[in-house]
Amino acid sequence: MDATSSLGTCPRCARPRTATDARGLAWSSEHLADGTVVHTCGDCTREQLWHIEALLAPEPAAAPAPARAA
Ligand SMILES: [Zn+2]
C-alpha cells in the first residue's frame, strides 16, 4: 500500500503532499460539496487567504499583486 497515494496533491500547484506535510500545519484541508476533501499546500493557502482578505476588505488594494516567478 502506497502511503503517499492517499495524501494527494495540491489542487492549485499540483505539489505532492508528503507525510511531513500531513503532520505539519502549513497545508489546509477543504471539504467540497461532493464530499471530496482536498488539501492545499501552504503557499497556495497563503495566496488564497490573501485573496479572501482582499475581497472582504471594504477598500481592496488597487495595486495588483506583483507576479514573482519562483
Ligand atoms: Zn499549492
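Count, please, the residues in region 1-50 that happen to be in contact with a His (Cβ under 9 Å, 6 or more places away or on another chain), surrounded by 13 or more Cβ atoms within 10 Å (Cβ to Cβ) and not in a loop (DSSP other than H, G, I, E, B). Explain how you work it out, then say what you get.
Going residue by residue through region 1-50, those that are in contact with a His (Cβ under 9 Å, 6 or more places away or on another chain) are 7-11, 17, 21-22, 27-30, 37-38.
Subsequent filtering for residues that are surrounded by 13 or more Cβ atoms within 10 Å (Cβ to Cβ) retains 7-11, 17, 21-22, 27-28, 38.
Now restrict to residues that are not in a loop (DSSP other than H, G, I, E, B): 9, 21-22, 28, 38.
Total satisfying the criteria: 5.
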Checking Glu53 against (1) more than 15 Å from the ligand (Cβ to nearest atom); (2) assigned to a loop (DSSP other than H, G, I, E, B), which test does it fail? (2)
Looking only at residues that are farther than 24 Å from Arg68 by Cβ and of a type in the set (Val, Ile, Thr) in region 19-48, which one is modelled with the highest pLDDT? Thr20
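The values are calculated or read from the model by the stated rules, or taken from the named source; none is laboratory data. This is a predicted model, so every value here is computed, not measured. Neighbour counts run over all protein chains shown; Cβ positions are idealised from the backbone, glycine included.
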